[in-house]
Amino acid sequence: MSVATEVVLSQAGNRLYLGMDFGTSGARFALIDKEGAVCAEGKREYPLFKNDETIDWARSWKTTLFSLLEDVPNHYRHLVASISIDGTSATTIIVDSNTGQPLSKPLLYNETCPDALPLVKSIAPVNHTVCSASSTLCKLVSWWNSADSNKEYATLLHQADWLLWFLHGKLGVSDYNNALKVGYDPEIESYPPWLLAQPYSMLLPHVKAPGTSIGYLKEDIRSQYDFPNDCIACTGTTDSIAAFLAARATLPGQAVTSLGSTLAIKLLSTNRIDDARFGVYSHRLDNMWLVGGASNTGGAVLRQIFTDKQLEELSKQINPMQSSPLDYYPLTSIGERFPEADPQMAPRLHPRPENDVEYLHGILESIARIEGKAYRSLKDLGATQVEEVFTAGGGSKNEKWTKIRERVLGLPVSRASQTEAAYGAALLALRGAQLFMQ
């Protein structure tokens, strides 16, 4: 199923920039002009092809890529100057280095390879980002130890890398956001010696900054979709970083809180912070660091207790300027990761007052306190002090909650005007085109 919408008409002759987001359940595109105005956007659900009773994800993504290109309105295509793509972090594909065809099924962002974890921990620094069973490096090591052939003709790519390859044709190019979980060090702009010493390091892709020109589109792509001869493909990023870019936060101290099923925060910092104890790690963004952490609290707890209609009606009756005396730690199950790393932490949602408005108020305020503690924890770890918070996710629509959070955090809090990762990918395409023209 596809949904495409034209939002504004671009002025004749203005160049446009195409971003595509390949998320967990579907893909989107956003077409913007140089001012960031959206000219067209659309989405596609992944067609589910089966191969031996398992989903053939590679075929689904490839099909969706070309469907999205078809969905770009014909009268805009000749204006497209650049294209970029984001994909899910640590979604890994080992391909034939000559043909680009997958040598095995893709390993998705949430798939784990516990068999490889002891080996990875034995070579990587303590608490390194790769020391997780779902890391790209664990997936590479697991494949390397189980594959019986084709090792010398193999290349590791991430989801976004592989999809971009169909557009530019240069196999083995990635970006330093996607490559972080395979061990790339964006601070020194290279793979570390401990990784290069391994036999499978020959599979590692060449890494560029996100939003860097890789090259012009292939001739067959240009002619099939009527893109201009000077249209370039640019390196991408991960879906979560693309969503952060969409919020247009650009200064140290600006942050984005995503209030979805869980609570995730990302803060622009002048200092790099990595602490595996709390699941905190940093992505490089130009000359700054995007420090991230995620709590298990969030909207999923609210959905366990209230319907959407109840949330809407009860929220209207809350006085956000009044502090709630209730002190909860809302979780859906046992265990917290950040700002407290406690796998045994139990949910705390009692005592429950008879008045549901008071109860919801207490829960919303308690989540806001956890958010505040999370930002204080990042500062304690050495990150830049938070000064302004943009909000994404379903919780950003609740104006009373925004007012509660503003009071609890003591900071300006607003809803991000753009939150779609495809918009962030389009901004990367714009950046790539601007750099290419310099």
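The values are calculated or read from the model by the stated rules, or taken from the named source; none is laboratory data. Treat the numbers as computed from the prediction; the structure is a model and nothing was measured. Glycine also receives a Cβ, built like all others from the backbone with ideal geometry; neighbour counts cover every protein chain displayed. Areas reflect the complete protein model, heavy atoms only, side chains present, ligands, DNA and RNA absent. Shrake-Rupley method; radii C 1.70, N 1.55, O 1.52, S 1.80 Å.
At a Cβ-Cβ separation cutoff of 4.7 angstrom, cysteine residues of the chain with no neighbouring cysteine are C39, C131, C231, C234.
What does the accessible area per residue of the chain come to in Å², with a 1.4 Å probe and no ligands, DNA or RNA counted? On a per-residue basis, the chain sits at 43 Å².
Of the GluC sites (Glu not before Pro) found in the stretch 38-72, those in coil by DSSP whose Cβ has at most 12 other Cβ atoms within 10 Å are E53. Where Rh is the Kirkwood radius over the Cα pairs of the chain, the temperature 10 °C and the viscosity 1.306 mPa s, what D in µm²/s does Stokes-Einstein return? Once the numbers are plugged in, D ends up at 70 µm²/s.
Measuring against 19 Å, Cα to Cα, the residue pairs K34/K208; K105/K139; K121/K373; K181/K218; K139/K218; K121/K181 contain K34/K208; K121/K373; K181/K218; K139/K218 as the ones spanning a longer distance. The apolar share of the surface of the chain, taken as the fraction of accessible area on carbon and sulfur atoms (1.4 Å probe, ligands and nucleic acids excluded), comes to 49 percent. What the phi angles of the stretch 94-102 give under the Karplus curve with 6.51, -1.76 and 1.60, with θ = phi - 60°, is a coupling list of 9, 10, 5, 6, 9, 9, x, 7, x Hz, glycine and proline written as x. Restricting the stretch 178-269 to chymotrypsin sites (Phe, Trp or Tyr not before Pro) that sit in a DSSP loop and have at most 15 other Cβ atoms within 10 Å of their own Cβ leaves nothing.
Counting only residues at least eight positions apart within a chain, or on another chain, the aspartates and glutamates with an alpha carbon under 19 Å from that of K316 are D308, E354, D356, E358, E365, E399, E406.
Centre-to-centre separation between the Cα atoms of the stretch 277-355 and those of the stretch 58-131: 31 Å.
Judged by the mean number of other Cβ atoms found within 10 Å, the most tightly packed of the peptides 274-286, 170-182 leads the ranking 170-182, 274-286. Set against the 2.2 N^0.38 Å expectation for a compact globular protein, the stretch 249-416 has a Cα radius of gyration ratio of 1.01. The calculated FRET efficiency for L48 paired with K218, based on their beta-carbon distance and R0 = 30 Å, is about 0.60. Computing FRET efficiency as 1/(1 + (r/R0)^6) for A346 and K403, where r is the C-beta to C-beta distance and R0 is 35 Å, gives about 0.75. Centre-to-centre, using Cα atoms only, the stretch 191-242 and the stretch 397-418 are separated by 37 Å. Any idea what % of Cα-Cα pairs in the stretch 98-167 are farther than 17 Å? Value for the stretch 98-167 (Cα pairs over 17 Å): 47 percent.
For the stretch 358-438, the list of GluC sites (Glu not before Pro) that fall in a loop by DSSP and count at most 15 other C-beta atoms within 10 angstrom reads E387. Rolling a 1.4 Å probe over the protein chains gives I221 an accessible area of about 10 Å². Under a 5 Å amide H cut-off, with hydrogens placed 1.01 Å from N, V80 pairs with L16 among residues at least 5 apart or on other chains. For the chain, complete DSSP H runs whose alpha carbons reach 30 Å or more along their own long axis and whose mean Kyte-Doolittle score is -1.0 or higher are 356-380. In order along the stretch 50-56, the Karplus-derived 3J(HN,Hα) couplings, from 6.51 cos²θ - 1.76 cosθ + 1.60 at θ = phi - 60°, round to 10, 9, 6, 6, 10, 6, 8 Hz, and Gly and Pro are given as x.
A simple charge model with +1 on the Cβ of Lys and Arg, -1 on the Cβ of Asp and Glu and nothing else charged puts the dipole of the stretch 249-416 at about 200 debye relative to its Cα centre. Proximity of backbone amide H atoms, modeled 1.01 Å from N, is registered between Y281 and D275, G292 at under 5 Å, excluding neighbours fewer than 5 places apart on the same chain.
Among DSSP beta bridges whose residues both lie in the stretch 249-416, state the antiparallel percentage, nearest 5.
Values: 20 of 28 bridges.
Taking every DSSP beta bridge with both residues in the stretch 249-416, the antiparallel ones total about 70 percent.
Geometric descriptor of the stretch 308-390, per residue, is 126 Å³ (volume of the convex hull of the Cα atoms).
For the chain, adding -39500 (n - 2.57) for each run of n ≥ 4 DSSP H residues and dividing by the number of residues yields -9000 deg cm²/dmol at 222 nm. Working from label points 7 Å from Cα in the Cα-to-Cβ sense, the M321 to T99 distance is 7.0 nm.
The calculated pair-distance distribution of the stretch 197-307 uses every alpha carbon pair, bins of 10 angstrom beginning at 0, and gives 11, 28, 28, 21, 10, 1 percent.
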